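Novice: This is the structure, below, for whatever I ask next.
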Amino acid sequence: MVRVPVPQPIATLPAGVMHLHSPIVPQRIGLFGGTFDPPHVGHLVTAVNVRHALQLDVVILMVANVPWQKVGTRPITDAHARLAMVEAAVADVDGLSAGRAEIDHGGHSYTADTLEFLSQQHPGASLFTIVGDDAASKIESWERYEEVATRSTLVVVDRPGDPVELPAGFGWERVEVPRLDVSSTDLRDRCRDGRPLDYLVTEPVLEVIRSRALYEEAQ
Ligand code: ATP
Ligand code: MG
C-alpha cells in the first residue's frame, strides 16, 4: 500500500491564514530558522522588522529539531521546550508564528527540506530565508545550500560585532534592523549565574524558562 503523506501544519499561523477557504493566503512567507535556545529580543526585533521592510505576510520562527551543526558542541535543550518558548514569544505578535514542521519531521533539520515543504503547502508563495550575518557567512556549510538559494530569497541582517564576509555568488538582500547585542549563549550563561534576563527575553518566555527550570544546571 502506498502511503500518501498527510500535510502537517507547518506553523501556528495567524488565525485564518491556514484555512483553505480563507481569503488570506500567505503569498510572501519569511522563514527564520534557529535553535532558539532561548528565543530573545534580537530574534523578535529581526523578525518584525524584516516582515515590515519586505512586506511579508508572515515570518515563521522555525524551531530546529536537531541543530546538527551544534550537536556535540554543547547540550541542546529539548526541542519541545524550545518550541514552547517560541510559541510564548510570538503569541499575540501580529504576523509572527512558531514553526514546528522540523520537529514534526524529526531528525536533522535542513532548511532546504523545510523550504520544499513550505512550497508544497503554499504553492505559488514567495519564500524568504532570513539569517543573521553570522549564519549567512556559513551558508555553504548547510545541507543543499544551493537549493536554499534557488527556492528562496536570502535575507541577511547584521548582528553587532565585526562585519563578516558574505559568501559571493548569492543574491543577498540586506535588511537594516536595530542591532541588539543579545545571544542565546549569553542568556544561558546569565541564567546559570543567576543574572537577570529581564528585557532580553519577553515576559512569557521568562515564564516558560522558570516553570520548566531551564538553564539552571552548570554545563
Ligand atoms: P546561540 O548563541 O546559541 O548560537 P543565537 O542567539 O545565535 O544563539 P540562534 O538560534 O543560533 O540564536 O540564531 C537563529 C538565527 O537568528 C540566526 O540566523 C542568527 O544569526 C539570528 N540571530 C540571533 N541573534 C540575533 C540578533 N541579536 N540579531 C539578529 N539576528 C540574530
Ligand atoms: Mg547562533
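Novice: So how many residues does segment 164-189 have that are among the acidic types (Asp, Glu), under 18 Å from residue 47 (Cβ atoms) and out of contact with any Leu (no Cβ under 9 Å at 6 or more places or on another chain)?
Specialist: Total meeting the criteria: 2.
Novice: Out of 215, 199, 145, which single residue is in contact with a helix residue (DSSP H, G or I) (Cβ under 8 Å, 6 or more places away or on another chain), over 22 Å from residue 64 (Cβ atoms) and not polar (S, T, N, Q)?
Specialist: 199
Novice: Tally up the residues in segment 60-74 that are more than 12 Å from the chain's Cα centre (by Cα), surrounded by 13 or more Cβ atoms within 10 Å (Cβ to Cβ) and more than 10 Å from ligand 1 (Cβ to nearest atom), please.
Specialist: Result for segment 60-74: 2.
Novice: So in segment 75-119, with the set limited to residues that are surrounded by fewer than 21 Cβ atoms within 10 Å (Cβ to Cβ) and in contact with a Leu (Cβ under 8 Å, 6 or more places away or on another chain), which one is nearest to residue 209 (Cα to Cα)?
Specialist: Within segment 75-119, the match that is nearest to residue 209 (Cα to Cα) is 81.
Novice: Return the residue satisfying two criteria in turn: it lies in segment 142-201 and is of a type outside the set (S, T, N, Q) and touching a His at 6+ places or on another chain (Cβ under 7 Å), and of such residues it is nearest to residue 76 (Cα to Cα).
Specialist: Within segment 142-201, the match that is nearest to residue 76 (Cα to Cα) is 187.
Every residue, every condition in (1) at pLDDT 95 or above; (2) away from ligand 1 (no atom under 16 Å from the Cβ); (3) surrounded by 16 or more Cβ atoms within 10 Å (Cβ to Cβ); (4) hydroxyl-bearing (Ser, Thr, Tyr), yes or no:
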residue	(1), (2), (3), (4)
121	yes, yes, yes, no
153	yes, no, yes, yes
157	yes, no, yes, no
169	no, yes, no, no
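Yes or no, residue by residue, for (1) of a type in the set (A, V, I, L, M); (2) under 20 Å from residue 63 (Cα atoms):
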| position | (1), (2) |
| --- | --- |
| 113 | no, yes |
| 117 | no, yes |
| 126 | no, no |
| 141 | no, yes |
| 148 | yes, yes |
| 158 | no, no |
| 163 | no, no |
| 166 | yes, no |
| 171 | no, no |
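Novice: From (1) surrounded by 13 or more Cβ atoms within 10 Å (Cβ to Cβ); (2) part of a loop (DSSP other than H, G, I, E, B); (3) within 16 Å of ligand 2 (Cβ to nearest atom), pick out the condition that doesn't hold for residue 162.
Specialist: Among (1) surrounded by 13 or more Cβ atoms within 10 Å (Cβ to Cβ); (2) part of a loop (DSSP other than H, G, I, E, B); (3) within 16 Å of ligand 2 (Cβ to nearest atom), residue 162 violates only (1).
Novice: Within segment 124-139, restricting attention to residues that are more than 16 Å from ligand 2 (Cβ to nearest atom) and in contact with a helix residue (DSSP H, G or I) (Cβ under 9 Å, 6 or more places away or on another chain), which residue is farthest from residue 47 (Cα to Cα)?
Specialist: The qualifying residue farthest from residue 47 (Cα to Cα) is 125.
Novice: What's the total number of residues in segment 123-151 that are away from ligand 1 (no atom under 16 Å from the Cβ) and without any contact (Cβ under 8 Å) to a residue 24 or more places away in the chain?
Specialist: Residues meeting the conditions: 3.
Novice: A follow-up question, please. So which helices (runs of 4 or more DSSP H) stay within segment 55-124 end to end and still have 3 or more residues that are under 18 Å from residue 28 (Cβ atoms)?
Specialist: Where helices (runs of 4 or more DSSP H) fall fully within segment 55-124 and carry at least 3 residues being under 18 Å from residue 28 (Cβ atoms), they are 111-121.
The values are calculated or read from the model by the stated rules, or taken from the named source; none is laboratory data. In this text the structure is predicted, and so the values were computed from the model without any measurement. Here the Cβ is made from the backbone with ideal geometry for all residues, glycine too, and neighbour counts use every protein chain on show.
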